[in-house]
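Here's the structure we're looking at; comments come further down.
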Amino acid sequence: RRHVVFRRENAAMLDPSGPTPIARHLEQWAEVEYWMRVTSRSTQVRLKQAFAISNPQVRATFERRTQGLVTLRTFIPTATLPDPNSARAVCDRGLRLEGSAGMLVSVGNISLPGLVATSREGRVVRRPTSRREIEVLLCEVGIGRAQVVDRNSSPETTELHPEFDSLLLEADPQLGGELALGMLGEGFLPAATWSATYLIRDGSLILPLVLATFELDPALPEVLTATPCAVCQSRPATSFCAADEAALCHSCDGDLHSRNHVVARHTRVPLYGAPGAQLGVCAEHPGTAARLWCTSCCKAACERCQQVHSSHDVAGLTEKYRTVAGQKPLAEVERARARLSKRLVELDGAIAAVQENGQQAEARVYSILESAVQRGVALAEGRIQQYLADQQELKRQLEEGDWMADVLNEFKQELSPHEFLEAWTRSNKIRAEVAKMSELPPHQPPPELAVVGDLTVVAGEAFTQ
């Protein structure tokens, strides 16, 4: 089992004068080629040449900039490098990103120019019919804490908040299904797919490690394609039934061999156990079937090579495959997975707590606002009631004066002269006394209402202060 690990310390030992050719027999060559085949889901991709990049100044800047940040490894096609970058310039002085547009970087299953084109409607994968070369940079990218943005928005113009280091484009929910069901020729591409796309705006977050040229050769066998199920033709086969002479997927296997006790006795074997199936070819003799596996060299070998590997850790190819295939994941991988799962649960709890706290703060803000509005309304209503009281009193005095005047006019028509004069004398006296008694204090405009202070929502140290 080969572990895909590109170690910084190995790269640091390279010749600092410039890109250094990587020999084909080195493990680094095999790792780069293997990782490209995993990300492109193709064994028709071969590594033609590779150069290790070592620039102490660029590395020092990268390590200083990414200290404490999450970093990832990925391939960046040189054809997608933004101006003013070329492959040679990036090797010499690192990547330069001008302006705020930045550069999109994908990790996981990547899309290389001209290598794979997926149709959303038909889910068909097409590849070139002739050889072509693809130049890429294997880079370490510092993503740090990524700010999630809508894939359909314009990430190039999205503001990057100070607490984040990169932008993560929200995953396309349909992309995984398209990749997983993609067909190539007579078989299925690997169904295990994953990818993530980040927008990097700081060139110092990208460290070039290897400049590589790959060749896509359609004439090479595509060993990663899985045989379609002989029954449904819509899923890859997982086992072979000798009695039915058919390769079956898990679903069709269970359906066919559960119909009665006769077919239930059919023996099914893994696909590599089917008649005529080849276990592998010798690494040194491509035309010869392999029977052995050398763990020391990480290579398949034929019987002719047995003497070469006599002092190595060698086992039968079938036995080694069964042993490794039946093993549990590495303990360190399981521990890392458990740690990540625990951290996810903690983050779920933290998110729920923040949401609850936010709702409480929102309710408190609305409560304060409602109380302030009610207070303002009450103050305004109080002042209005004072005006209304004065208004009613003034109207009453006017009506009372008019009433007394009307009475006096009627007396003038009905009474004798001396009676009218008596009434007129008494009426004037009463009206004068009433006027003195009803006089209101001078009108003083009340002070205007004003909003004093600000309502601020704070967190952390600002709250304690």
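The values are calculated or read from the model by the stated rules, or taken from the named source; none is laboratory data. Predicted model only: the values in this text are computed from it and were never measured. No Cβ is skipped: glycine too gets one built from the backbone with ideal geometry, and neighbour counts run over all protein chains shown. Heavy atoms of the whole protein, side chains included, go into the accessibility calculation; ligands, DNA and RNA do not. Shrake-Rupley method; radii C 1.70, N 1.55, O 1.52, S 1.80 Å.
Just so you know, the averaged projected area of the alpha carbon convex hull for the chain sits at 46.4 nm². About the centre of its Cα atoms, the chain shows a dipole size close to 3260 debye [charges on the beta carbon of Lys, Arg (+1) and Asp, Glu (-1) only; nearest 20 debye]. Per-residue surface analysis assigns Glu31 an accessible area of about 20 Å², computed on protein heavy atoms at 1.4 Å probe radius. For segment 221-371, report the translational diffusion coefficient in µm²/s to the nearest whole number, using Stokes-Einstein at 10 °C, 1.306 mPa s, and a Kirkwood Rh over Cα pairs. D = 76 µm²/s.
Residues in segment 299-408 average 80 Å² of solvent-accessible surface per residue, probe 1.4 Å, ligands and nucleic acids excluded.
Restricting to Cα pairs below 8 Å that are 6+ residues apart, what does the relative contact order work out to for the chain? Please round to a whole percent. The normalised contact order for the chain reaches 12 percent. What a 1.4 Å probe finds exposed on the chain is 54% carbon and sulfur by accessible area, rounded to a whole percent.
Quick one: if you stick a label point 7 Å off each Cα along the C-beta vector at Tyr272 and Arg339, how many nm between them? Here the modelled spin labels are 3.2 nm apart. Here r is the Cβ-Cβ distance between Arg259 and Ala289 and R0 is 25 Å; the resulting FRET efficiency, rounded to 0.05, is 0.10. Partner lysines whose Cα lies under 23 Å from the Cα of Lys299, excluding those fewer than 8 positions away in the same chain, are identified as Lys48, Lys320, Lys328.
Backbone N atoms of segment 418-457 closer than 11 Å to the 7 Å Cα→Cβ label point of Tyr387 belong to residues 445-446. Solvent-accessible area of Val377, all protein chains in place: 80 Å² (probe radius 1.4 Å, heavy atoms, ligands and nucleic acids excluded).
Counting only heavy atoms of the protein chains and using a 1.4 Å probe, Cys305 has close to 10 Å² of accessible surface.
Using the empirical formula 2.2 N^0.38 Å as the baseline, the Cα radius of gyration of segment 356-420 reaches a ratio of 2.56. A Förster radius of 56 Å, combined with the Cβ-Cβ distance separating Val70 from Leu449, puts the computed FRET efficiency at roughly 0.55. When only Cα pairs below 8 angstrom with a gap of at least 6 residues are kept, segment 257-339 shows a relative contact order of 18 percent.
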